[in-house]
1. Out of 134, 175, 191, report the one residue that is open to solvent by 10 Å² or more (accessible area, probe 1.4 Å) and either without any contact (Cβ under 8 Å) to a residue 24 or more places away in the chain or not assigned by TED's automatic domain parsing to the domain that holds residue 89 (or both).
2. Could you pull out every one of the helices (runs of 4 or more DSSP H) wholly within region 50-130 that has 3 or more residues that are closer than 15 Å to residue 217 by Cβ, modelled with pLDDT of 95 or more and open to solvent by less than 10 Å² (accessible area, probe 1.4 Å)?
3. Of the residues that sit in region 146-166 and are open to solvent by 20 Å² or more (accessible area, probe 1.4 Å) and touching a Phe, Trp or Tyr at 6+ places or on another chain (Cβ under 8 Å), which one is nearest to residue 206 (Cα to Cα)?
4. Might you let me know whether region 25-45 holds any residue that is open to solvent by less than 60 Å² (accessible area, probe 1.4 Å), at pLDDT below 95, within 27 Å of residue 230 (Cα to Cα) and in a helix (DSSP H, G or I)?
Amino acid sequence: MKKRLCIIILSIVAMLVAVTGCSSQKADNSIVNAGTNAEFPPFEKLEGNGEITGFDAELIQAIAKAENLQLDFQHYGWDSMLNGVARGRIDMGIAAITITDERKRMYDFTEPYFEAKQVILVPKTSPVQSLNDLKGKKIGVQSATTGEKVVQEAFGKTYPGLQRYDVVSSAIDDLKWNRLDAVVVDKAVNLEYIKRLGEEKYKIIEDPAIPEEYYGIIVKKGNRELLDKLNAGLKKIQENGTYDKIYNKYFWEN
């Protein structure tokens, strides 16, 4: 009986060791759910085959590789991505997200990875030369972005000429059809669209009164472990030249 009891105990111990080993392996290879809004070229774009391409897409893949993180990188849309990270349904978000004091209260940000600025896209024949010249005009922005904030700070939160869009491409379409006088959006994005619209038909206005801004990757407030890994990975690719290689691919000509 004692011998049989001993065998049973040893069997249970072996099972526990096996389970513990599997659990440890799963934890080490756990998948990080990364969300984006793949409607903001050249930072992120959803290709016809479902692949997400762009500067942010390559950047986060490089960071993940540097830190041995296994990513599940998905397009959620702007609002769904932000809400998902805030509620812990998504581990992290990267989508040209400007670091602001308001957003810092909702998320933890990595160190900045990109310097940006809001600019104004108008037809070539437009007399607009600064943000103030847009007063009384119809201005398109992507909802809940710093482009919207810039217009609101200049003309008030209830400015009747402010037109909000879920995606920048819809605002650009309305500008093409003369339903808007201007679109305020990130410079790199505007440069991408002006290539398609034709530099002979449209121009970009840079107003020095509009401040510089910086992009960061967001995680749920308090998720220090993931934040530290992302910062470590970002530092590694900046030091080994990978960041510059990705940057030059998308912005060297700009």
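The values are calculated or read from the model by the stated rules, or taken from the named source; none is laboratory data. Because the structure is predicted, anything quoted here is derived from the model rather than measured. Cβ atoms come from the backbone with ideal geometry, glycine included; neighbour counts cover every protein chain shown. When the accessible area is computed, the model is the full protein with side chains, heavy atoms only, and any ligands, DNA or RNA have been set aside. Shrake-Rupley method; radii C 1.70, N 1.55, O 1.52, S 1.80 Å.
1. None of the others qualify; the one that does is 191.
2. Working: elements: 55-66, 78-86, 101-104.
Result: 55-66, 78-86.
3. That would be 152.
4. There is no residue in region 25-45 that is open to solvent by less than 60 Å² (accessible area, probe 1.4 Å), at pLDDT below 95, within 27 Å of residue 230 (Cα to Cα) and in a helix (DSSP H, G or I).
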